[in-house]
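A short write-up of the structure that comes next.
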Amino acid sequence: MDERSQHQIAKGLAITLGIVYLSLFGFAIWKYVSTKDISSITWELVFIVMIPASIAWFARRDESLTIPKTISGNLIDTGLSKKSQSKRKKYYFLDSLGFAIVVLVLTIITTFFIEKDWQHLSLFPQLSEVSNIIVTLSLEFVISLVVFFAISYVWEEFNIRRYNRKLDELEDNHE
């Protein structure tokens, strides 16, 4: 089997796994919405977590797979210059912003359309209920943005440093 055949097989497997993963995610959401019980989707959540964890486990030897990619699939700059680091910080911010927006939307959908009950802390009792909801959701959004950015920054910079170390080792072995 040549490299092109291996690439086509890997691409087919990746597409199949992606379809299974998205179907599993959709089924979990449908089951949660219909039962309104998070414990009813325990196995789905286990598989939703285990699929990327197992892929990461088996791909851990190829450091190029751990380098973050843009939405278009291009690798981000792995250089150590200030310009490269500022480009990566912009990428981490946009990635965190997108994730924080998804979490906010899912919180709003769960709270107002599935549970149909607002049971959060009343952080500002002097405000009306609507204002309190808006302020609380805004604070949750900002906090999640900061937390997601910090996690993304630390994790991806660790991966980039490990990738650069591996490249240095390979260059030293060829000399």
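Before moving on, here are some points about what is shown:
- Entry for volume of the Cα convex hull per residue in Å³ (calculated from the structure that is shown) out of (i) 268; (ii) 161; (iii) 138: (ii)
- A crude spin-label estimate for the pair residue 20 and residue 94, with each label 7 Å from Cα along the Cβ direction, gives 3.2 nm.
- What the Cβ-Cβ distance of residue 166 and residue 86 gives, at R0 = 41 Å and to the nearest 0.05, is a FRET efficiency of 0.95.
- Rolling a 1.4 Å probe across all protein chains gives residue 49 an accessible area of roughly 90 Å².
- Remark: the chain carries a charge dipole of roughly 260 debye about the Cα centre, counting +1 on each Lys and Arg Cβ and -1 on each Asp and Glu Cβ.
- Helical contribution to [θ] at 222 nm, DSSP H n ≥ 4, -39,500 (n - 2.57), averaged over the chain, rounded to 500: -26000 deg cm²/dmol
- Here the spin labels are modelled as points 7 Å beyond Cα on the Cα-Cβ line, and at residue 109 and residue 11 they lie 3.1 nm apart.
The values are calculated or read from the model by the stated rules, or taken from the named source; none is laboratory data. Quantities reported herein were computed from a predicted structural model and do not represent experimental measurements. Neighbour counts run over all protein chains shown; Cβ positions are idealised from the backbone, glycine included. Keep in mind that these areas ignore ligands, DNA and RNA; they rest on the heavy atoms of the full protein, side chains included. Shrake-Rupley method; radii C 1.70, N 1.55, O 1.52, S 1.80 Å.
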